[in-house]
Each structure stands twice: as C-alpha cells, then as structure tokens.
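First up is the structure itself, then whatever we jot down about it.
Laboratory data are not the source of any read-out in this text; all were calculated from the coordinates shown. Remember, predicted model here, so these are calculated numbers, not experimental data. All Cβ positions, even for glycine, are placed from backbone atoms using ideal geometry, and neighbour counts span all protein chains on display.
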Amino acid sequence: MKFRRTALVATLSVVALTAAACGGDDDSSASEPAVETDVEFEAGTTMAEIAEAGTIRVGTKFDQPGFGLENLEGEVEGFDVEVAKIIAGALGIAEDDIEFVQTPSAVREEVIEGDEVDMVVATYTINDTRKERISFAGPYYLAGQQIMVASDNDEITGPDSLKENPDAKVCSVTGSTPAEQITEYLASPDQLVLFDEYSQCADSLSNGQVDAVTTDNVILLGFVSKSNGDFKLVGEQFTEEPYGIGIQKGDVAFCEFINDTLQENEDAYIEAWEATAGQVEGTETPELPEPAPCA
C-alpha cells in the first residue's frame, strides 16, 4: 500500500530527527477500510474542508513497531495508521490520499496548532496539560507504562529499582508522558536520557549507553519482539495511558465525528489491531473504550 508521506522538519531539543527505516516484516494485512462515497458535511466544518480537499494530513510516529513504523519500502504501517484510515474512509478519503507526517512526541501539539496536520494519531496520551493547547477525540486505546532492559540485566526489576541503582541510565523521549512520569522513581535527574525517537533509546540500550528504556508497554513489546531475545520487560505497568487523537483545540464537531466513526466501526478497529499490534507476542486484543465527552 502506498501513502503520500512527509518528513516533518522541526527544531527539536535533544538530537536531530532521524527516520527509522527498520522493520517491515510485520504481518500487516488488515482489510482496506470502507471509503464512503457522496459524503456531505455541514459547510465550514473540518469534515467538509477535508472532504472537499480530497486528502487528509495525519501526524504519526515512524519508529514504533506495531503502531507507526516506516518499513523498508518507505511505507508507514501499524495500528495508529489503520485507525487513521478508518477515520479517513468515513470522510470519503481513500488510503492513497492520506498524507502521513512524521510527528515525534516533542512536536505533536506544535504541528496541530500550526495547521501542519489535520489530526495526530501517534500513541498520544490524553492529559490535562496537553488539553490546554489542543483537543482530543477518544480515547481509542488504553496502555500502561513499563520498563525494558537487556535480557541479562537482573538489577533493574521495575521502576522502584532505579533509585536503588543510581548509576543506571534510563531512556525515554522528549515531550512524552513517560519521560515526565519516570522522574519520581529516579535517584537524580541525571539518570534520565532523552532522545527524539524511541528507536534511538532502543539502539542505546543495545550498545550499553543506557540501562533501561521506559514508555508504554505495547510500544516496548514491539521492540522486544524485534530484538532477537536481547530485550525483556520487567515489573508491572505502573501508569494508565489513554491514547487519544489530537485535533485543533475546541473543534467539538470533528471530535464527535471521530468518536462516532470509531464506535460505528468496532469490527474494523478489532481487525486493525489483530493485523498490526496484535501480531506482537504478549499483546491482548483490546475493547474499544467509551469516548470521553468532547470539549
């Protein structure tokens, strides 16, 4: 499947943005979502503007196995990609007319506020700080934060053991909820290493530059599955992370449209999961959560 895609150009705070051209062997075989024809929306709404344009710009990750990953053919695949396709189809937009924009954690609010994308579907945890700048549809998935270490590491057994090992370095991503939430478990701020993409954290774990990586469990499971036994998860999940779809602040009509679309396409949602993130060992097929009120 071919998508038009755009690499986001932005100044990030830690290291230069790099494309993650790895993977590509997932069994991503979800059926093509239905594309509505002769769609009509109230004039002036985001839905009407997107349908009239005949294309939709979707911010997503390019480095997260199972959710948003650029494969060796330069195509983006994963559960977030499939969720975006379900919404696009309800707007009358075929998959070939979706423009996927690489959107690391640190710039998700920025690209929405700057009208560089129409929505962000990128393992995007709903929280009050972000809702000051943008609005969320959803949640469409509930995750939880966990710790990943090298398979031969028996010292780090969960977040609490990071204080017990003050020389240990833990990696996460700039602008992410996991990076904020791990700080209470650290002996000092110097233990935290930040990059722009989780693939950089995984690389640093492989070469021994860091001792642990933390983010949501389903993301880590994707890296574990591709590590040839080099990585493992330790401890239990210690947070709840509701994933939402980021849109322009206050766009209630678009929020309600997205929520209604997902609720009306639960079978397609389940099929999308099972063909992407559900292929990763250790994951379980989720139930589509009830959406929160739009505001």
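Stokes-Einstein D for region 167-294 at 4 °C, 1.567 mPa s, Kirkwood Rh over Cα pairs, in µm²/s?
Values: Rh = 16.8 Å.
The calculation lands on 77 µm²/s.
Rg and Dmax of the chain, Cα atoms, in Å?
Here Rg and the maximum Cα pair distance are 18.6, 61 Å.
Calculate the radius of gyration of the Cα atoms of region 145-234 to one decimal place, then report Dmax, the largest Cα-Cα distance, as a whole number, both in Å.
11.4, 32
Through the Karplus equation 6.51 cos²θ - 1.76 cosθ + 1.60, θ set to phi - 60°, convert the phi angles of region 191-206 into ³J(HN,Hα) values in whole Hz; use x for Gly and Pro.
For region 191-206, the Karplus-derived couplings read 6, 8, 10, 10, 10, 8, 9, 5, 4, 5, 5, 4, 4, 5, 5, 4 Hz, x marking Gly and Pro.
Going by Cα centres, region 146-184 and region 83-139 are how many Å apart?
One Cα centre to the other: 28 Å.
Mind pulling up the Rg/Rh value for region 19-169? Radius of gyration and Kirkwood radius, both on Cα.
That ratio is 1.05, to two decimals.
For the pair residue 284 and residue 188, how long in nm is the line joining their label points, each one 7 Å along Cα→Cβ?
It works out to 4.0 nm between the two label points.
Relative contact order of the chain, please, whole-number percent, based on alpha carbon pairs below 8 angstrom and at least 6 residues apart.
Working: 641 pairs, mean separation 76.2, N = 295.
Computed over the chain, the figure is 26 percent.
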